[in-house]
1. Restricting to the range 126-174, give me the number of residues that are of a type outside the set (Ser, Thr, Tyr), in contact with a strand residue (DSSP E or B) (Cβ under 9 Å, 6 or more places away or on another chain) and farther than 17 Å from residue 45 by Cβ.
2. Hey, residue 82 hits all of (1) at pLDDT 95 or above; (2) open to solvent by less than 60 Å² (accessible area, probe 1.4 Å) but one; which does it fall short on?
3. Do we have any residue at all in the range 105-116 that's within 21 Å of residue 188 (Cβ to Cβ), among the small types (Gly, Ala, Ser) and at pLDDT 95 or above?
4. Could you list all residues from the range 163-178 that are buried (at least 16 other Cβ atoms within 10 Å of the Cβ) and more than 14 Å from the chain's Cα centre (by Cα)?
5. Could you please give the count of residues in the range 41-73 that are open to solvent by 70 Å² or more (accessible area, probe 1.4 Å), assigned to a helix (DSSP H, G or I) and β-branched (Val, Ile, Thr)?
6. Can you pull out the residues in the range 85-102 that are part of a loop (DSSP other than H, G, I, E, B), under 16 Å from residue 62 (Cα atoms) and not aliphatic (A, V, I, L, M)?
7. Is it the case that residue 186 is more than 24 Å from residue 99 (Cα to Cα) and in a loop (DSSP other than H, G, I, E, B)?
Amino acid sequence: MKKIFFLTIVLTLISGCNKEDVFEFDNAVTKQEVTSKKEVTSSKTIALGFNLVFTGTYEYQGPNPPRCGSFPPMINVVNTAEGTGTHLGKFTAHFDFCVDITDFSYPNGVEDAYFMDENGDKLFVYVEGFVLGGRVPGMPNFATSYFKDPFIITGGTGRFEGATGSGMTNDYNSSKDPFSHHHWTGKINLIKK
């Protein structure tokens, strides 16, 4: 008797629902879940590896009192570069900064620095550190000075808008040519769009 009673209750519950009710409920949940996931995904960032190789040309090295001041003895350095890298493809770069010639530091950091891809989108960076004489293991014998400094990605334009990240430079000047040689590695966080 109990079995028949439970079977009757189950059949009543099943017959009380139709496919449309279940289908509409499933669709409502699915639509809500998809909307929620889209909203969350569109505001998230994605962390990616960052690897750039480029060669720079010293466009200017000399006094610039309005930009750098005169004490301690400071010089203005402008370096433009070309290279290739992850998330940038082929790019050009621009660095305009002041160097303290008593210790070869850039005490104000390299604030005017960016990479620009072939579409004109810019990635802004900040670097602070020293140029050190000589070479370190892992660099070519013809390296005359090197700079291994931390860098920070501070934003950008176009597809790099809102970008963040950081890493290390691995750069040197050479006795074989007048160029600066650069290899930057780190992480970049890009906003998913």
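The values are calculated or read from the model by the stated rules, or taken from the named source; none is laboratory data. Small disclaimer: the values here were computed from a predicted structure and weren't measured. Positions of Cβ are generated from backbone atoms using ideal geometry, with glycine treated the same way; all protein chains shown enter the neighbour counts. Accessible surface is based on the protein model in full, side chains and every heavy atom, while ligands, DNA and RNA are left aside. Shrake-Rupley method; radii C 1.70, N 1.55, O 1.52, S 1.80 Å.
1. So the answer is 23.
2. Unmet condition: (2).
3. yes
4. Passing the criteria: 170, 171, 172, 173, 174.
5. Residues in the range 41-73 being open to solvent by 70 Å² or more (accessible area, probe 1.4 Å), assigned to a helix (DSSP H, G or I) and β-branched (Val, Ile, Thr): 0 in total.
6. Result: 102, single match.
7. Spelling it out, it is not the case that residue 186 is more than 24 Å from residue 99 (Cα to Cα) and in a loop (DSSP other than H, G, I, E, B).
One line per residue, one yes/no per condition, for (1) within 24 Å of residue 84 (Cβ to Cβ); (2) touching a Phe, Trp or Tyr at 6+ places or on another chain (Cβ under 9 Å); (3) open to solvent by less than 80 Å² (accessible area, probe 1.4 Å):
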residue	(1), (2), (3)
97	yes, yes, yes
100	no, yes, yes
110	yes, yes, yes
125	yes, yes, yes
130	no, yes, no
144	no, yes, yes
151	yes, yes, yes
161	yes, no, no
